[in-house]
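A short worksheet on the structure shown next.
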Amino acid sequence: MAVTSTTLLVGDTGTGKSALLATLAEWGWKTHKKVSLLYSIDGGGFPTHLDALIRAGIVRVWKLRTRGEAFETCSRACQGQWPTEFLDPITGEVPPGVTLLPSITSIFTLTCGYCDAEVAQRAARKAFNHTIKCPKCKKQVNLQTGTISEKSSRPDFFKDVGLMFYDGLTSMQDWVMEDMAQKVGTGELKGEGTALGGKIVSGEITVGANNRSHYGFAQNRAAVWIQDASNISGLIIGPVFTARQQRATDSNTSLRIYGPSIAGQAKAAEVPAWVANCLGTTIVLDEKRRKEYRLYLTEYREEDNIPHLCKTRAFPGTMPDYLSDGPIDPESGLPIEGLPFNTFNLGYFQDLLERATKKTLAATAAAYPDAPGLQPVVIEQGIKEEIKKVKSTKPVPKVAVKKSGHKPPMRVPGKAVAKKPIPPRPTQRLVTKRANKQSEVTSK
Ligand SMILES: [Zn+2]
């Protein structure tokens, strides 16, 4: 299974981003028999290619705006949640405020610390904040006198889902900005800057305006959305975001750049560092003024000589600079040579990335034949006891029943014990963290 790492597709409208998502959905189905979820924010219909995949069931689409509640909807979408009901599965429209299904559901079980019996099961950890009577020993059990275990499961709906696309980040940012302006208009949020308090009253309507704090707020949301999406488990490849591009100034270097368009300019140069792969889509014209669609995998410049920030998580030199099918015949709309979407294809990009990763792994293994490889954490008995001594700062009284062969209680009844640390999340998070770290290194 491929390493999960987030990809961001950056380019102007009409440079083939939706078509590229369609190529990736096809790849997901052909190679892994997995369905793609398309979280669509932009208005309008879908290109024929994508529409056909939706009708075939290879892509499932949700138009986020039809649910309303900009903040909640965007946040939950980026956690991989999906509507439980649709008005039209072809357009992706849902009823306003529709209930969302999480991609992972957890069941928490409270086990009695006195008799080891199962006390209760709940959907949330906080449901155990009050005491519950143990059905076996009839004692009152709470977080201090019992233990909680968590079991996660994936709802059936997500079992054949392997890819998630967010189209796109810029529109999600626009939506939450509009929402904040609207809340200024209705008085839910305080306006600033003008005598009118950031509001314009026109006849019967009041229009609010965005202020500076809204930009910072929206930018932070963008970072959280991408982070949350990269932690979604069960996908065959990391989530894919699209974004329009904007010209901005890198606040660190004061140089002009092209980067993903999120609210304001301040973070545009930073966003590529939040993802493993930041790819650029553009159209170039050849000497005969024929169009050529290109997917850039590395930084590129056009006539204005301003860099477009692009990168992949692959080792430098293991990937081509860009992917293209060559010039398009203006009459047929097909490439002059070869098939359409043969190379200008995100599935092809995934294959290249996997090959490049394997090559790097093989080269590293060959360079260090004596490397120890992956090792479990083994702790000698002596050190284990040292750790125990350090850990037990609060001396816990010895349990008398220990020697009699009885199973000792999990906790000393009635004694307040320091709260148990929350058990670590599934390994998925570790993997993505590593992937992010790697992307940070390569971005430097
Ligand atoms: Zn009990």
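The values are calculated or read from the model by the stated rules, or taken from the named source; none is laboratory data. Note that the structure is predicted; figures quoted are calculated from it, not measured. Ideal geometry is used to build each Cβ from the backbone, glycine not excepted, and the neighbour counts take in all protein chains shown.
Observations, loosely collected:
- For V176, the conditions (1) farther than 25 Å from T73 by Cα; (2) at pLDDT 80 or above; (3) surrounded by 19 or more Cβ atoms within 10 Å (Cβ to Cβ) are fulfilled apart from (1).
- Residues located in the stretch 94-146, provided they are among the aliphatic types (A, V, I, L, M), assigned to a loop (DSSP other than H, G, I, E, B) and within 16 Å of the ligand (Cβ to nearest atom): A117, L143
- The stretch 67-85, residues that are farther than 29 Å from N345 by Cβ and either among the basic types (K, R) or out of contact with any Pro (no Cβ under 7 Å at 6 or more places or on another chain) (or both): R67, E69, A70, F71, E72, T73, S75, R76, P83, T84
- Unique residue being under 14 Å from L169 (Cα atoms), among the acidic types (D, E) and in contact (Cβ under 8 Å) with a residue 24 or more places away in the chain when the list is D286, D228: D228
- Qualifying residue in the stretch 155-168 (condition: more than 30 Å from I58 (Cα to Cα) and either surrounded by 21 or more Cβ atoms within 10 Å (Cβ to Cβ) or more than 15 Å from the chain's Cα centre (by Cα) (or both)): no
- Residue in the stretch 51-59 that is away from the ligand (no atom under 16 Å from the Cβ) and assigned to a loop (DSSP other than H, G, I, E, B) present: yes
- Taking residues in the stretch 167-185 that are under 18 Å from L8 (Cβ atoms) and in contact (Cβ under 8 Å) with a residue 40 or more places away in the chain, and partners anywhere that are hydroxyl-bearing (S, T, Y) and part of a helix (DSSP H, G or I), the pairs with Cβ atoms closer than 8 Å and at least 6 places apart or on different chains are D167/S18.
- Restricted to the stretch 324-365, and to residues there that are out of contact with any Leu (no Cβ under 8 Å at 6 or more places or on another chain) and small (G, A, S), the residue that is nearest to A276 (Cα to Cα) is A356.
- Scanning the stretch 30-63 for residues that are farther than 21 Å from G80 by Cα and either without any contact (Cβ under 8 Å) to a residue 60 or more places away in the chain or aromatic (F, W, Y) (or both) yields a count of 10.
- Matching residues in the stretch 7-53 - criterion: being surrounded by 20 or more Cβ atoms within 10 Å (Cβ to Cβ) and polar (S, T, N, Q): T7, T15, S18, T23, S36, S40
- Residue-level check: of (1) surrounded by 16 or more Cβ atoms within 10 Å (Cβ to Cβ); (2) more than 24 Å from I232 (Cβ to Cβ), S103 misses just (2).
- Any hit, the stretch 15-31, residues being at pLDDT below 95, part of a loop (DSSP other than H, G, I, E, B) and in the same structural domain as S171 (by TED's automatic domain parsing): yes
- Meets criteria (crowded, with 21+ Cβ neighbours inside 10 Å and not in a strand (DSSP E or B)) for A266: no
- Filtered by the rule that a residue be buried (at least 20 other Cβ atoms within 10 Å of the Cβ) and part of a loop (DSSP other than H, G, I, E, B), the stretch 69-80 gives C78, G80.
- Residues being farther than 30 Å from T318 by Cβ and either touching a Leu at 6+ places or on another chain (Cβ under 9 Å) or of a type outside the set (S, T, N, Q) (or both) - total across the stretch 366-388: 12
- Qualifying residues in the stretch 147-173 (those that are of a type in the set (S, T, Y) and over 30 Å from D42 (Cβ atoms)) - the one nearest to the ligand (Cβ to nearest atom): T147
- Pairs are defined by a Cβ separation below 7 Å, a sequence spacing of at least 6 or placement on different chains, a first member in the stretch 351-363 that is farther than 16 Å from S5 by Cα, and a second member that is hydrophobic (A, V, I, L, M, F, W, C); the pairs so defined are T360/F315.
- Within the stretch 281-310, the only residue that satisfies the criterion of being closer than 24 Å to Y215 by Cβ and either outside the structural domain of N345 (by TED's automatic domain parsing) or in a strand (DSSP E or B) (or both) is H308.
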